[in-house]
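To start, the structure itself, in structure tokens.
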Amino acid sequence: MWGGRFAEGPSAIMREINASIPFDKALWRQDIAASKAHVAMLAACDIVTDEDAETIIGGLEKVAAEYEADGVPEDWDLEDIHMTTESRLAELIGPVAGRLHTARSRNDQVATDFRLWVREAMEEAIAGLEALQRALVTRAGEHADSIMPGFTHLQTAQPVTLGHHLMAYYEMAARDVSRFSDARERLNQCPLGSAALAGTGFPIDREMTAQALGFAGPTTNSLDAVSDRDFALDYLTAASQCALHLSRLAEEFVIWASQPFGFVRMPDTLSTGSSIMPQKKNPDAAELVRGHAGRIVGCQTALMVTMKGLPLAYSKDMQDDKPPVFEAASLLRLSIAAMVGMVADATFRTDRMRQAAELGYATATDLADWLVREADIPFREAHHITGAAVKLAESQGKALDELTMDELTNIDSRIDERVYKALSVEASVAARKSHGGTAPDEVRKRVAQAREALGMNS
């Protein structure tokens, strides 16, 4: 390929360190598509003949059929997917294949191919997240009234509904979708035609190739176009944030599936057993989702460090841009799919959840709020009174609503019989009617809005 400049070929070490075909062969579909668009544009601009363009396009389609059937061959002497394809094209159609590379460079070629691949990965992530959202919304609708303990510091805080809890992850997924969508919009400019770094002297039509490949338009600076990998970093940033959300949800399932909690029975299809302990049902899929988050964040860090301090324009370091993106995309695809299945098929043990909600004095805040509303006591004083009630109940091994009226009035004479209506877990969740609160009616309202947004009502 570049032998005219060199008296000797590369050493074995140079061949191995320089070859990217083992991983960039994943771009073959994008490389074929971009090459077809490029040569069609060359013909439209009278840079190559229509006959040559038809021959090249036909040859590219034959190469694509071979790749589809047999995979992409790995010849390290050809270095990458671009030269592998061009070499095979020359074998199939002869010297006319050499006209394909007119007015382009491998620099703008790989930038285009990689953008196309990342764009598809973003669209795949969005589709997967929307499937997760649908699963969350469906289960939340089923459990709008199911009471469970809400936690802070993993300590029982206040009662909430399972539907409300699941909808929290719907909101996280919605933000993840927005991040991928925003990144896709920024990505959607076509580098093809920027050539090596300075553009080309051929009278090309960059709008034509951009349109053919589904881009909003061509990039506006050739130096930036061939050296920009912001789109890959945007993908990895969105993927990392998404993986953190998936990891949090996975951790909930790990905790809830443990015997001390017993809040959920994991689907058999996403669990494993033990080689020695026959009673075990391990939440391995959830644990692996949790683990994958660390690897995805590592991929983001790897590319950020690779790009740090690179001068314009292209540097060979940038060949290492693809492995972390490919790895992260594969892990994210699996993680989203696993969580969709987990949410959809898990059995929630709402009886255990409700029992747990009644422990830990989860309605203590409701007692304090009652004192403020009904006895006109400042909240800080009400907080102190409630703390004394909790201390008494704890010393006697009782729930708050099991304290007698005499015991309560001994703490503060302003408490009366009406307080018991505020101390049940049902009363607690029903009272949280503020916008975005856990009251069942609020949960059902948000579920309805989410179903409409996802097109689930049609």
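The values are calculated or read from the model by the stated rules, or taken from the named source; none is laboratory data. These numbers come from a predicted model, not from an experiment. Cβ placement follows ideal geometry from the backbone for every residue including glycine, while neighbour counts extend to all protein chains displayed. To get the accessible areas, we keep the full protein, side chains included, count just its heavy atoms, and leave off ligands, DNA and RNA. Shrake-Rupley method; radii C 1.70, N 1.55, O 1.52, S 1.80 Å.
So if I check each of I415, I385, which one is in a helix (DSSP H, G or I), open to solvent by less than 40 Å² (accessible area, probe 1.4 Å) and over 30 Å from F261 (Cβ atoms)?
None of the others qualify; the one that does is I385.
Looking for something in the same structural domain as S227 (by the TED database), touching a strand residue (DSSP E or B) at 6+ places or on another chain (Cβ under 6 Å) and open to solvent by 10 Å² or more (accessible area, probe 1.4 Å) - is there at least one such residue anywhere in the range 282-291?
Among the residues of the range 282-291, at least one is in the same structural domain as S227 (by the TED database), touching a strand residue (DSSP E or B) at 6+ places or on another chain (Cβ under 6 Å) and open to solvent by 10 Å² or more (accessible area, probe 1.4 Å), which makes the answer yes.
Quickly run through the range 134-168 and pick out the residues that are charged (D, E, K, R) and touching a residue at least 40 places away in the same chain (Cβ under 8 Å).
R134, R139, D145
Please find, among V447, V429, V390, the residue that is in a helix (DSSP H, G or I) and touching a strand residue (DSSP E or B) at 6+ places or on another chain (Cβ under 7 Å).
V429
Taking the range 63-93, which residues are assigned to a loop (DSSP other than H, G, I, E, B) and among the β-branched types (V, I, T)?
The answer is V72, and nothing else.
Please verify whether P218 is assigned by the TED database to the domain that holds T301, touching an Asp or Glu at 6+ places or on another chain (Cβ under 7 Å) and under 14 Å from M41 (Cα atoms), treating the condition exactly as stated.
yes
Please work out if G360 is within 22 Å of Y169 (Cβ to Cβ) and of a type outside the set (A, V, I, L, M, F, W, C).
For G360, the condition - within 22 Å of Y169 (Cβ to Cβ) and of a type outside the set (A, V, I, L, M, F, W, C) - is not met.
Mind counting the residues in the range 9-36 that are in a helix (DSSP H, G or I), open to solvent by 10 Å² or more (accessible area, probe 1.4 Å) and among the small types (G, A, S)?
Final tally of qualifying residues: 3.
Just name the residue that is farthest from F215 (Cα to Cα) out of those in the range 99-145 that are surrounded by 24 or more Cβ atoms within 10 Å (Cβ to Cβ) and not hydrophobic (A, V, I, L, M, F, W, C).
The residue in question is Q133.
Inspect all residues belonging to the range 176-184 and state whether any of them is under 27 Å from T347 (Cα atoms) and either in the same structural domain as E61 (by the TED database) or among the acidic types (D, E) (or both).
yes
Would you be able to say whether some residue in the range 316-329 is at pLDDT 95 or above, open to solvent by less than 50 Å² (accessible area, probe 1.4 Å) and of a type in the set (D, E, K, R)?
yes
So the check is Cβ under 8 Å with 6+ separation or different chains; which pairs have a first residue in the range 55-66 that's in the same structural domain as A40 (by the TED database) and farther than 12 Å from R88 by Cβ and a second one that's polar (S, T, N, Q) and part of a helix (DSSP H, G or I)?
Within 8 Å, the pairs are I56/S35.
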